[in-house]
Amino acid sequence: MKCPTCQYDLDPASHDKCPRCGYTLRCSTLDCGSCGACGGGSLASLRGLFSRDDD
Amino acid sequence: MGVCPHGDDPPPTDASRDDVVSADANTVALLGAPNVGKSAVFNELTEADADVSNYPGTTVTATIGSVDGHRLVDAPGTYSVSSFSEEERVAREVVLDADAVINVVDATQLDRDLFLTHQLLDMGIPTVVALNVMDEVARDGDEIDVDALEADLGVPVVPTVAVESEGIADLRRAIDEACAPATTPVEQWFDALPDVDASRREAVLVLEDDRPTLERLTAGDARADGGLPDVELPSLRDSIYEHRRRRVDATVDRVREQTDDRRTVTDVVDAALLNPLTGTPLALVGIGLVYLFIGDVIAQRLVDVLETEIFGAHYVPWMTGLVEATVPASGWSEPVRFVLINDTLGLLTVTVQYLLGVLLPLVAGFYLVIGALEDSGLLPRLAVLTDRGMSRIGLNGRAVIPMIVGLGCVTMAVLSTRIAGSRRERLISTALLGLAVPCSAQLGIILGLLAALGAGWWFAYLGVMLLVFGIAGVFLDRTLPGESQGLVTELPRVRRPRAGNVLQKTVTRTKGFLTEAIPLFAVTAAAISVLEYVGALASIVRGLRPLTAALGMPAEFGQILVLGLVRRDFAAAGMTDLALSASQAFVGLVVITLFVPCVLAMAMIVKEHDLKTGLVMWTGSWAVAFLVGGLLAAVVTVL
């Protein structure tokens, strides 16, 4: 996905923040369509929502 | 400028030596992320007047000035030295050619901006850091230990508030102290470099998979078949970026301390603006205020005074008298006299009246509002809020501004479509402006006529206009090639606009507009006058009779349309002289609204796009106006 701040191409599955600009990836500020780190499935997305925002 | 005196690391590798030690430097690049205040720093250092906006992407090309004998190059905003976008490619070239860099860092965004700083130091580029917007750090409840940051980075760090000129003298002095550490952790990857002859700064870019740099380095080694040698990039970008990110985080942890974590007023306002429940009504109020200022205070009241009471009552009669006294009304000079002072679009009379009495206040008012919206950080928030609705017609939230401005003046709005994004968005927004957005001068007269007809006709008019606007937008979105560009914008901080900065921008932009517009409008006015003189406009009226009959309108409506070719409000004003039934007046008002943009708006469309695009929009407006008008005439007849 593209980082919402600096457009750097990053893999949300392996980063919790953009390595270039430091933008913190949060499920509450990203939509699943642009992210996909949870690998599809609403249950996985929901799990990602809680686990990521609790960080 | 050179290696920092307090660097006690080992000497640089061979790859770095030529760049780190650059004694006779005189080209200094100004580099930083978008919207950190580079243009403000540039203006202060060079005493120039580049645009300063609280909006990302103000600087899209390099601007050059001089400071204390150095050549200062203001590069486009960039988050790192790389080649991911056109702005970044320009910035990379500026950096590669620079002898030193002033790295402007937003003190409230250290996490974001120190990545570029560390990268510059990895590249061995003599650097001085301007730690800008320091006034907002305390407001955020933070504290930055500048000495600790200087020790951590190993280069001079100067706190600044560029828009208030604070710290600029210190920054100017520090340019000659710009330096880079003799060695940095990036060197652990130097063994993986391909076999190319690279300076240190080029070596770091190649390690970070910057293909244009590698191609440039291998361009001289063309093979016998003309191709380039097969040199692979080391694919280390992710590793280096992640390592650098950890170094940035460590630096920020050491130098920044949060002393107060209460939410500031700005935070509360920002949250309210971005929440659709509160932001939407606030945006509507904001849009209403913008319209009130441009569409009413400027376009109606101020323009009325300037156009009628000053230019109409004094200038035009005076100039007409002057020309009549000096240019004879017979022989060869008669057509010249007509072109100069005719009542429709005389070059020295009505054209000047329109340019200075109508367009100048509208343009200045528009720039004043946009400047204040930019400076306050509200413009990108308005774009975010309106993005969803605008995306349904192939536009993004940024296009809301031209639409609001169009209600003031379509000519001006065509210019402001530059804000809308790609060429596709600009085409759609320009076409919608030309078709279904009435300018304030026309709207004022139309509202007056509709008020006389009654509220039902007013709502019918509004409904037809919104329907045409929506259908035309969807049609253009589905037929124009390419994809609509989503709204990707970084949200700058909400802050109080600085009056001096807003006024300076208004004056600079207005001057630029007039310089471009005056010759264009003069040529257009002269051409229309010649057409009128040779009788071509009267021929058009005769040719329009079949069309006006199809609309159920009297033959005189052809004259209204010809007036509309010149100026839309002329057409609306002409409607007041016709004896029409309520349904005829309704159809007529819809047709003159959808009819072609005024001649000056057309000139602007041609200037901003090209002649072919202008002609397509012009003929398209004819077709839509008569198609919709014909349908309405049929409907009101049945009803």
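Quick notes on this structure:
- Each Cα pair under 8 Å and six or more residues apart adds its separation to the average, and for chain B the resulting relative contact order is 11 percent.
- Here the extension length gained between B:ALA272 and B:ARG71 equals 67.9 nm, from 0.36 nm per residue of separation less the Cα-Cα distance.
- Ascending count of other beta-carbon atoms within 10 Å, so fewest first, for B:VAL269, B:VAL534: B:VAL534, B:VAL269
- Check: region B:382-464 dipole with +1 on Lys, Arg Cβ and -1 on Asp, Glu Cβ, in debye: 320
- Among beta bridges identified by DSSP and lying wholly in chain B, the antiparallel ones come to about 35 percent.
- Lysine pair count for the protein assembly as shown (Cα-Cα distance under 30 Å; residues 8 or more apart in sequence or on different chains): 8.
- Its Cα gyration tensor gives chain B an equivalent ellipsoid; the semi-axes, largest first and in whole Å, are 56, 26, 25.
- Other-chain or far-sequence residues with amide H under 5 Å of B:GLY167's (modelled H): B:VAL161
- Summing charges over neighbours of B:GLY470, with a neighbour being any other residue whose Cβ is under 13 Å away from its Cβ, gives +1 when K and R count +1 and D and E count -1.
- The charge dipole of chain B, taken about the Cα centre with unit charges on the Cβ atoms of Lys, Arg (+1) and Asp, Glu (-1), comes to about 3800 debye, rounded to the nearest 20.
- Among beta bridges that DSSP assigns inside the protein assembly as shown, antiparallel share in %, nearest 5: 40
- Estimated FRET transfer efficiency (B:ASP147, B:ARG423; beta-carbon r; R0 45 Å; 0.05): 0.35
- Rounded to the nearest 20 debye, dipole of the protein assembly as shown from Cβ charges on Lys, Arg, Asp, Glu: 3720
- Farthest positive-ward along chain B dipole, Cα basis, beta-carbon charges - from B:ALA162, B:ILE540, B:ALA431: B:ILE540
- Coil-residue chymotrypsin sites (Phe, Trp or Tyr not before Pro) of region B:282-362, DSSP, other Cβ within 10 Å capped at 10: B:TRP332
- Overall form of the protein assembly as shown per C-alpha gyration tensor (a/c, 1.5; a/b vs b/c): prolate
- Taking a Cβ cut-off of under 13 Å around B:SER330, the surrounding Lys, Arg, Asp and Glu residues balance to a net charge of -1, with basic ones at +1 and acidic ones at -1.
- Sorted by Cβ density within 10 Å, fewest first, the residues B:LEU302, B:LEU427: B:LEU302, B:LEU427
- Values of log10 I(q)/I(0) for region B:343-424 across q = 0.14, 0.22, 0.26, 0.27 Å⁻¹ run -0.54, -1.01, -1.25, -1.30, by the Debye formula with one identical scatterer at each alpha carbon and no solvent.
- For region B:286-312 and region B:56-124, distance of Cα centres in Å: 42
- For a 4.7 Å threshold on C-beta separation, the list of partnerless cysteines in chain B reads B:CYS409, B:CYS439, B:CYS598.
- Taking the alpha carbon gyration tensor of region B:252-392, multiplying each eigenvalue by 5 and rooting it gives semi-axes of 52, 16, 13 Å, largest first.
- Dipole of chain B, positive end: most advanced residue of B:ALA455, B:THR218, B:MET602 [Cβ charges, Cα centre]: B:ALA455
- Here region B:483-639 is described by how far its Cα atoms reach on the three principal axes: 56, 42, 34 Å, from widest to narrowest.
- Available extension along the chain between B:VAL285 and B:ARG89 is 66.5 nm, counting 0.36 nm per residue and deducting the alpha carbon span.
- Relative contact order of region B:60-190, taken over Cα pairs closer than 8 Å and 6 or more residues apart, is 20 percent.
- Pair B:ALA623, B:LEU503: separation of 7 Å Cα→Cβ label points (nm): 5.0
- Each Cα pair under 8 Å and six or more residues apart adds its sequence gap; the mean of these over the residue count of region B:391-462 is a relative contact order of 30 percent.
- Since only B:VAL400, B:MET390, B:VAL414 are under comparison, the one whose Cα sits farthest along the positive direction of the charge dipole of region B:380-425, derived from C-beta charges on Lys, Arg, Asp and Glu, is B:MET390.
- Annotation: the residues B:ARG245, B:ARG498, B:ARG173, sorted from fewest to most other C-beta atoms within 10 Å of their own C-beta, follow the order B:ARG173, B:ARG498, B:ARG245.
- Stretching B:ALA329 away from B:ARG172 to a fully extended chain increases their span by 50.1 nm, per 0.36 nm per residue minus the current alpha-carbon distance.
Each reported figure results from applying straightforward, stated rules to the coordinates on display, with no laboratory input. In this text, all values refer to a predicted model and were calculated from it rather than measured experimentally. Because the Cβ atoms are built from the backbone with ideal geometry, glycine has one as well, and the counts that use them run over all protein chains shown.
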